[in-house]
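This report concerns only the one structure given below.
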Amino acid sequence: MLRLQGNAAVLVIEFPTLLVQGQTFNRAAALLEKTGGLRQQLLTDDELAALLTKSGDNTETFFLGHDYTANGLARFFNQAERQSIALNPQELRLRQLLLDTSILKHEAGRYVAQGEQAVISFTSVHLDNPATPQDETVDALRRESILLHELSHGEFFTNPDYQQRSWNYWRKALTEAERRTFRQLLAGMGYDAGNEELMVNETQALLMHTPDERAFGPANLGLNAAQFANLKLRWEKNPAPQ
């Protein structure tokens, strides 16, 4: 589904399972935002499997939802060709979908993003796999929370005013100690803490658009309910750019 965000578009993909979603996006996640990935190089299948094991995840749980700019995905597919990486069928299907929906265009031998567009994903409800130590459960609340969280990333990627508001909150409404707390939390969740834009984007999504407290709540930041509410209140009072 293409969802309009101002003058840009967000491609929203619902996958039937976390497995199919992971097969589609995990290698891109390792390139673009995961700790342990290589920022300038795609992981091979064996390297990706090793990273999953090292992080305590499996293909399903590496991320429960995904979000990327069109530029980031163009970079991913161009890098795959430079390295002669044999992409899996799900990655190839994604590439064709991005071409079919004009998120990407292939010209002069490379993939090019068509404007400030973005791609997000979530999954249908499904049960845990009891044969694995990880929890793959996606119930109705978790599904809704993941979708809201990812949609806020789409807003960040495609709405300059919202992106500026998020940066203002990070720089002006939070203290240095609070930024450090969010950065440590996100690093522990596997995000690249050296990517400041990623820290800003994930902070706004976690704080304001993740209603499932199993994923995020006051305890994650070591706060009580009143302190947590104050963080949210500061977001509400954080003015949008004029």
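The values are calculated or read from the model by the stated rules, or taken from the named source; none is laboratory data. What you see is a predicted model; the values in this text were computed from it and never measured. Cβ sites come from the backbone with ideal geometry, for glycine too, and all protein chains shown count toward neighbours.
Could you say whether any residue in region 77-85 is of a type in the set (A, V, I, L, M, F, W, C), outside any helix (DSSP H, G or I) and within 25 Å of Ala140 (Cα to Cα)? No: zero hits.
One residue alone among Leu31, Leu43, Leu11 is under 28 Å from His106 (Cα atoms), aliphatic (A, V, I, L, M) and in a strand (DSSP E or B), and that residue is Leu11. Checked against (1) buried (at least 21 other Cβ atoms within 10 Å of the Cβ); (2) within 25 Å of Leu186 (Cβ to Cβ); (3) of a type outside the set (Lys, Arg), Thr59 passes all but a single condition, namely (1). For region 157-167, the count of residues that are without any contact (Cβ under 8 Å) to a residue 40 or more places away in the chain and among the basic types (Lys, Arg) is zero. Scanning region 205-228 for residues that are surrounded by 15 or more Cβ atoms within 10 Å (Cβ to Cβ) and of a type in the set (S, T, N, Q) yields Thr210, Asn220.
Within region 147-156, identify whether any single residue is modelled with pLDDT of 95 or more, assigned to a strand (DSSP E or B) and among the aromatic types (Phe, Trp, Tyr), and answer yes or no. Scanning region 147-156, I find no residue that is modelled with pLDDT of 95 or more, assigned to a strand (DSSP E or B) and among the aromatic types (Phe, Trp, Tyr), so the answer is no.
Scanning region 117-125 for any residue that is in contact with a strand residue (DSSP E or B) (Cβ under 7 Å, 6 or more places away or on another chain), surrounded by fewer than 20 Cβ atoms within 10 Å (Cβ to Cβ) and touching a residue at least 12 places away in the same chain (Cβ under 8 Å) turns up at least one such residue. Taking the residues in region 69-87 that are out of contact with any helix residue (DSSP H, G or I) (no Cβ under 6 Å at 6 or more places or on another chain) and not aliphatic (A, V, I, L, M) as candidates, determine which candidate is surrounded by the fewest Cβ atoms within 10 Å (Cβ to Cβ). Among those residues, the one meeting the criterion is Ser84.
Quick check on Ser55: is it small (Gly, Ala, Ser), within 23 Å of Leu31 (Cα to Cα), out of contact with any Leu (no Cβ under 7 Å at 6 or more places or on another chain) and modelled with pLDDT under 95?
Judged against the criteria, Ser55 is a match.
Whenever a residue of region 66-78 is in contact (Cβ under 8 Å) with a residue 40 or more places away in the chain, its partners that are among the polar types (S, T, N, Q), lying with C-beta atoms within less than 7 angstrom and at least six residues away or across chains, give the pairs His66/Gln21; His66/Ser121; Ala70/Gln114; Ala70/Gln117. Applying the set (1) in a helix (DSSP H, G or I); (2) under 17 Å from the mean Cα position of the chain (by Cα); (3) closer than 30 Å to Asp161 by Cβ to Thr24 leaves exactly one unmet item: (3).
One line per residue, one yes/no per condition, for (1) touching a Pro at 6+ places or on another chain (Cβ under 8 Å); (2) under 22 Å from Phe62 (Cβ atoms):
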{"site": "Ala74", "(1), (2)": "no, yes"}
{"site": "Asn88", "(1), (2)": "no, yes"}
{"site": "Gln114", "(1), (2)": "no, no"}
{"site": "Glu144", "(1), (2)": "yes, yes"}
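The set of residues in region 179-217 being of a type in the set (Lys, Arg), within 17 Å of Lys34 (Cβ to Cβ) and not in a helix (DSSP H, G or I) is empty.
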